[in-house]
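Worksheet for the structure shown next.
Bear in mind these aren't lab numbers, they're just calculated from the coordinates by the rules spelled out. Predicted model only: the values in this text are computed from it and were never measured. Every residue, glycine as well, gets a Cβ built from its backbone with ideal geometry; the counts of neighbours run over all protein chains shown.
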């Protein structure tokens with residue numbers, strides 16, 4: 001055992017980022033928001049809820065005709 005934070009832990013973290021954060025980043029960019037908004041998904045539960053609320057109830061510049 002290599003300690004509390006092993007190589008496997010970082011491998012799982014990298015997989016998590018690829019599965020949740022990268023697609024969220026792309027969705028936010030396509031919605032006309034900063035891609036960094038996708039970083040909220042690093043915090044499971046509350047971060048994802050905040051992300052969805054911002055996308056659901058916020059203005060979408062590309063859809064509303066603003067550029």
Residue 53-residue 12 pseudo-label distance in nm [points 7 Å out on the Cα-to-Cβ vector]: 2.9
Relative packing of peptides 14-21, 47-54 - highest average C-beta neighbours within 10 Å first: 47-54, 14-21
Degrees, to the nearest 10: 7-16 long Cα axis against longest axis of the chain: 20
Förster radius 22 Å - calculated FRET efficiency between residue 22 and residue 60, Cβ distance, rounded to 0.05: 0.60
Stokes-Einstein D for the chain, Kirkwood Rh over Cα pairs, 4 °C, 1.567 mPa s (µm²/s): 98
In degrees, nearest ten, helix 46-57 long axis to first principal axis of the chain (Cα): 10
Estimated [θ] at 222 nm from DSSP helical runs (n ≥ 4, -39500 (n - 2.57)) normalised by residues in the chain, nearest 500: -13500 deg cm²/dmol
